[in-house]
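Asks: Structure incoming, see below.
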């Protein structure tokens, strides 16, 4: 039963009592008022009893309502506490949201910067790619030109080798003719000319028994055994005993060899001085021609 219903019942009881009193007054005036009074008194007593019961029930309901209100108040206090906690939590979430938005803005700015850098890098990469393609084209062109030059160098080297061989053959023919001329001169009793030791020779105190060749004698080392060096030039090239050959490798001085044995196509001699160990393939030139040429 609600409070409004209870109030309505109380008012109804009050109006009933008032109405009963008025009815008793009216009936007393028109009928036997004593009987009527007793009847209405009994009714008033019953109404009072009912009213008391209603008031007691209303008081119980009111106490229950108060307990319920107190429970609601406690729940409201608890809800207010939770609301305050939720409000604080919401504030914290808002702060976190603001912080996240600030971080997002910073990340967006950083992302824009990285995108700009990436675009710059891509532009630079495109430029590098273009330069690399140009360099590759230029490299291909240079390689083609290098191949052409290599072919030209090989051709010229072959021609030089042929000319050197022709020159050597001519020198051999000249030396043979000189040897024949000297034999003919000796056969006729002509005196051999005497040559002085050229200045600047590798061994200035050593004088050749026979006159030096008019043209330089050049060859190379074919074998090395200890201190003995064998060259690929001989008497047909104008080599004579006691001649001194200068050995060199790659334009650097290696040593001096004094010839002691001469064959038509090769000679051998002793290593008289050196700065390094001779090897097969080292070039050799007679020291007299080098001295005469100013070396």
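The values are calculated or read from the model by the stated rules, or taken from the named source; none is laboratory data. Just so it is clear, the structure is predicted and the values come from calculations on it, not from any experiment. Cβ atoms come from the backbone with ideal geometry, glycine included; neighbour counts cover every protein chain shown.
Asks: Tell me the residue from 93, 62, 83, 79 that is surrounded by 10 or more Cβ atoms within 10 Å (Cβ to Cβ) and touching a residue at least 12 places away in the same chain (Cβ under 8 Å), please.
Replies: Values: 93 fails: touching a residue at least 12 places away in the same chain (Cβ under 8 Å); 83 fails: touching a residue at least 12 places away in the same chain (Cβ under 8 Å); 79 fails: touching a residue at least 12 places away in the same chain (Cβ under 8 Å).
Answer to the selection: 62.
Asks: Given the criteria modelled with pLDDT of 85 or more, over 22 Å from the mean Cα position of the chain (by Cα) and assigned to a helix (DSSP H, G or I), does residue 171 qualify?
Replies: no
Asks: Could you figure out which of (1) assigned to a loop (DSSP other than H, G, I, E, B); (2) at pLDDT below 75 isn't true of residue 242?
Replies: Unmet condition: (2).
Asks: Has the stretch 142-156 got any residue that is assigned to a helix (DSSP H, G or I), more than 30 Å from residue 2 (Cα to Cα) and modelled with pLDDT of 90 or more?
Replies: So far as the stretch 142-156 goes, no, none of its residues is assigned to a helix (DSSP H, G or I), more than 30 Å from residue 2 (Cα to Cα) and modelled with pLDDT of 90 or more.
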